[in-house]
Amino acid sequence: MSDYNFAYLDEQTKRMIRRAILKGLAIPGYQVPFASREMPMPYGWGTGGVQLSAAVMTGDDIFKVIDQGADDTTNAVSIRRFFERTAGVATTQATREATVIQTRHRIPEAALSEDQILVYQVPIPEPLRFLEPSEVETRKMHALEDYGLMHVKLYEDISAHGAISTAYAYPVRVEGRYVMDPSPIPKFDNPKLSMAAIQLFGAGREQRIYALPPYTDVVSLDFEDHPFEASKADHPCALCGASDSYLDELIVDDAGTRMFMCSDTDYCGTRRAKGHVGTAPTPPRQEETT
Amino acid sequence: MEQTSLSGGFADPSLDAADAFRAVMQAMARPGRMYEIGGAVPPAPLSVAAGTVIMTLCDPDTGVHLAGACDVPALRDWITFHTGAPLVDAARATFVVGAWGDVPLDALPIGTPDYPDRSATVIVEMETLVSVGATLRGPGIRDSAQLNLPEIAAFQRNAALFPLGLDFIFTSGAQIAALPRSTKVT
């Protein structure tokens, strides 16, 4: 018997979050305000995601947490333990076994099914915030569908760098209406935002919840002559040889030798278990050795 | 207050509400698809599904409006005892319960352009729920879905208000299906 109510939060808090989730699903991409609670972890460690997970979790769930794709980082391990202790749910590191997956800044490589729920931890939910600091103004801009400023920002990227330089938290348009921040996932993950699973986004400090129902139309903003491109490091994984997964870059010695490996540890591990092997580490960059 | 008003709550409030909410969330995320729901046993004339939705989502923060034949003392007492939700008129309602013909659609809050979420959720009691009739398209639906909606024009008008509008949960016996404002009905 746990000393906590099931999944830590009290029932009235869960109801408040649950009502926000339903309105979020009914208005895809719109940020629903909610009364975020103080959680036993600091802001920035996934308090929004944890509150969503607590509100959707049932006793039969199998819970998985990833932090930038990895199951074994501090943040992922502590959130997984938190729900083991407060909800008594089973946990897993295998993507296909999990029914609720909480994620920080990645979408798993393996396609998710209709029986799964993906919960995102979101730092800044407002895609217009860095362009317009006032909440009153950004709220008005969403109400009026006034997204010209975002296109100007992307255009300025092109005029300065020759391409849209935004690499993560790449803004999307949901069902042709709301511009939404997909959380700081790499833009490589953006095409996966239309999926069979329910996607919930929670920002604890900013007190916002938003959602994407399954098969929602999600379009990454771009221009006809500068179409959106889901980019990744142009290497295969050094551990499993995968050429279709998002890669982390790791410096492995003092000479600057680099290793590229899958950021999704379960995807990489599953492939290695099947006998896939990777390539040798990558030599240092030329400009770094001269 | 009748004895029946005191019974019929969740046996295990935390886990029963979690299971029930999961079904409601799936229903809202996949318009037209039917889910089983249970745990609460409300007095007549309310169905198990409608009673469970109220028990799962309503509390002192949400005004509930009982429409038409649902506005009976036994039900008022049951909702007050189990959820503490204030019973309010339609214009201030967060949740509305009733048969289709009784729900005062035009009186309900549909949200504001700044806060489209400040809108009512309508629980519509149905004779039956079957996957035939109106065709539904939109977020949450891969191609199309079908549901025996009580009519079509009202839901087309509601969808035209997007992002404002009402969200509907249809209940019959222990079954629910939902129709958010984002769904296009033909």
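Can you find a residue in the stretch A:88-99 that is on the phi > 0 side of the Ramachandran plot and within 11 Å of chain B (Cβ to nearest Cβ)? Outline the logic, then answer.
In the first step, residues of the stretch A:88-99 are kept if they are on the phi > 0 side of the Ramachandran plot; the result is A:88.
With within 11 Å of chain B (Cβ to nearest Cβ) added as a condition, the list becomes A:88.
Within the stretch A:88-99, one or more residues are on the phi > 0 side of the Ramachandran plot and within 11 Å of chain B (Cβ to nearest Cβ).
Which residue is farthest from the other protein chains (Cβ to nearest Cβ), if the candidates are limited to the stretch A:1-57 and must be in a loop (DSSP other than H, G, I, E, B) and closer than 27 Å to A:Glu145 by Cα? Outline the logic, then answer.
Taking the stretch A:1-57 and keeping what is in a loop (DSSP other than H, G, I, E, B), we get A:1-10, A:27-31, A:34-46, A:57.
Next, from what is left, pick out any that are closer than 27 Å to A:Glu145 by Cα: A:27-31, A:34-36.
On the way: A:Ile27: 5, A:Pro28: 5, A:Gly29: 9, A:Tyr30: 6, A:Gln31: 9, A:Phe34: 10, A:Ala35: 9, A:Ser36: 15 Å.
Here the residue is A:Ser36.
What residue, among those in the stretch A:113-146 that are buried (at least 18 other Cβ atoms within 10 Å of the Cβ) and in a loop (DSSP other than H, G, I, E, B), is nearest to the chain's Cα centre (by Cα)?
The extreme case among them is A:Val122.
Going by what's in this entry, would A:Arg80 be described as within 22 Å of A:Arg205 (Cβ to Cβ), in contact (Cβ under 8 Å) with a residue 12 or more places away in the chain and more than 10 Å from every other protein chain (Cβ to nearest Cβ)? So that I can check it myself, show each step before the final result.
Details: within 22 Å of A:Arg205 (Cβ to Cβ): yes; in contact (Cβ under 8 Å) with a residue 12 or more places away in the chain: yes; more than 10 Å from every other protein chain (Cβ to nearest Cβ): yes.
Yes; evaluated as a whole, the condition is true for this residue.
So which of A:Ser194, A:Ser220 is surrounded by fewer than 19 Cβ atoms within 10 Å (Cβ to Cβ) and either modelled with pLDDT of 95 or more or not aliphatic (A, V, I, L, M) (or both)?
Details: A:Ser220 fails: surrounded by fewer than 19 Cβ atoms within 10 Å (Cβ to Cβ).
Testing whether each residue is surrounded by fewer than 19 Cβ atoms within 10 Å (Cβ to Cβ) and either modelled with pLDDT of 95 or more or not aliphatic (A, V, I, L, M) (or both) leaves just A:Ser194.
Could you identify the single residue in A:Asp157, A:Asp146 that is modelled with pLDDT under 95, farther than 18 Å from A:Phe201 by Cα and of a type outside the set (Lys, Arg)?
Numbers: A:Asp146 fails: modelled with pLDDT under 95.
None of the others qualify; the one that does is A:Asp157.
Taking A:Glu109 as the residue in question, decide whether it is part of a loop (DSSP other than H, G, I, E, B), acidic (Asp, Glu), at pLDDT 95 or above and within 24 Å of B:Pro116 (Cβ to Cβ). Walk me through how you get there before you give the answer.
Numbers: part of a loop (DSSP other than H, G, I, E, B): yes; acidic (Asp, Glu): yes; at pLDDT 95 or above: yes; within 24 Å of B:Pro116 (Cβ to Cβ): no.
No; evaluated as a whole, the condition is false for this residue.
Just one of the numbered conditions (1) touching a helix residue (DSSP H, G or I) at 6+ places or on another chain (Cβ under 6 Å); (2) touching a residue at least 40 places away in the same chain (Cβ under 8 Å); (3) surrounded by fewer than 18 Cβ atoms within 10 Å (Cβ to Cβ) is not true of B:Tyr35; which one?
Among (1) touching a helix residue (DSSP H, G or I) at 6+ places or on another chain (Cβ under 6 Å); (2) touching a residue at least 40 places away in the same chain (Cβ under 8 Å); (3) surrounded by fewer than 18 Cβ atoms within 10 Å (Cβ to Cβ), the lone unmet condition for B:Tyr35 is (3).
Restricting attention to the stretch A:100-117, does a residue exist that is under 29 Å from B:Thr52 (Cβ atoms) and away from chain B (no Cβ under 14 Å)?
As a first pass, look at the stretch A:100-117 and keep what is under 29 Å from B:Thr52 (Cβ atoms): A:100-102, A:112-117.
From what is left, the residues that are away from chain B (no Cβ under 14 Å) are A:101-102.
Among the residues of the stretch A:100-117, at least one is under 29 Å from B:Thr52 (Cβ atoms) and away from chain B (no Cβ under 14 Å), which makes the answer yes.
Restricting to the stretch A:3-34, count the residues that are surrounded by fewer than 16 Cβ atoms within 10 Å (Cβ to Cβ) and in contact with a helix residue (DSSP H, G or I) (Cβ under 6 Å, 6 or more places away or on another chain).
Total meeting the criteria: 1.
Go through the stretch A:147-175 and report how many residues are surrounded by 13 or more Cβ atoms within 10 Å (Cβ to Cβ), away from chain B (no Cβ under 14 Å) and of a type in the set (D, E, K, R).
2
Just checking, does the stretch B:120-127 include any residue being out of contact with any strand residue (DSSP E or B) (no Cβ under 6 Å at 6 or more places or on another chain), more than 30 Å from A:Glu135 (Cα to Cα) and away from chain A (no Cβ under 14 Å)?
Step one: filter the stretch B:120-127 for residues out of contact with any strand residue (DSSP E or B) (no Cβ under 6 Å at 6 or more places or on another chain), giving B:127.
From what is left, the residues that are more than 30 Å from A:Glu135 (Cα to Cα) are B:127.
Within this subset, residues satisfying the condition of being away from chain A (no Cβ under 14 Å) are B:127.
Checking the stretch B:120-127: at least one residue is out of contact with any strand residue (DSSP E or B) (no Cβ under 6 Å at 6 or more places or on another chain), more than 30 Å from A:Glu135 (Cα to Cα) and away from chain A (no Cβ under 14 Å).
If the requirement is being of a type in the set (S, T, N, Q), touching a helix residue (DSSP H, G or I) at 6+ places or on another chain (Cβ under 8 Å) and within 12 Å of chain A (Cβ to nearest Cβ), which of these qualifies: B:Thr52, B:Thr83? Full working, then the answer.
Details: B:Thr52 fails: within 12 Å of chain A (Cβ to nearest Cβ).
Residue meeting the stated conditions: B:Thr83.
Would you check which residues across the stretch B:102-138 are within 11 Å of B:Lys184 (Cα to Cα) and in contact (Cβ under 8 Å) with a residue 60 or more places away in the chain and list them? Full working, then the answer.
As a first pass, look at the stretch B:102-138 and keep what is within 11 Å of B:Lys184 (Cα to Cα): B:134-138.
Result: B:Leu136, B:Gly138.
Going by the structure shown, is A:Asp189 among the acidic types (Asp, Glu), surrounded by 21 or more Cβ atoms within 10 Å (Cβ to Cβ) and outside any strand (DSSP E or B)?
Details: among the acidic types (Asp, Glu): yes; surrounded by 21 or more Cβ atoms within 10 Å (Cβ to Cβ): yes; outside any strand (DSSP E or B): yes.
For A:Asp189, the condition - among the acidic types (Asp, Glu), surrounded by 21 or more Cβ atoms within 10 Å (Cβ to Cβ) and outside any strand (DSSP E or B) - is met.
Consider the stretch B:6-22. How many of its residues are surrounded by fewer than 23 Cβ atoms within 10 Å (Cβ to Cβ), of a type in the set (Gly, Ala, Ser) and more than 8 Å from chain A (Cβ to nearest Cβ)?
4
When you go through A:Arg104, A:Arg81, A:Arg37 one by one, which is the residue that is more than 26 Å from A:Asp3 (Cβ to Cβ) and of a type in the set (Lys, Arg)?
Details: A:Arg81 fails: more than 26 Å from A:Asp3 (Cβ to Cβ); A:Arg37 fails: more than 26 Å from A:Asp3 (Cβ to Cβ).
It is A:Arg104.
The values are calculated or read from the model by the stated rules, or taken from the named source; none is laboratory data. Since this is a predicted model, take the numbers as computed values, not measurements. Virtual Cβ from ideal backbone geometry, glycine too; neighbours counted across all protein chains shown.
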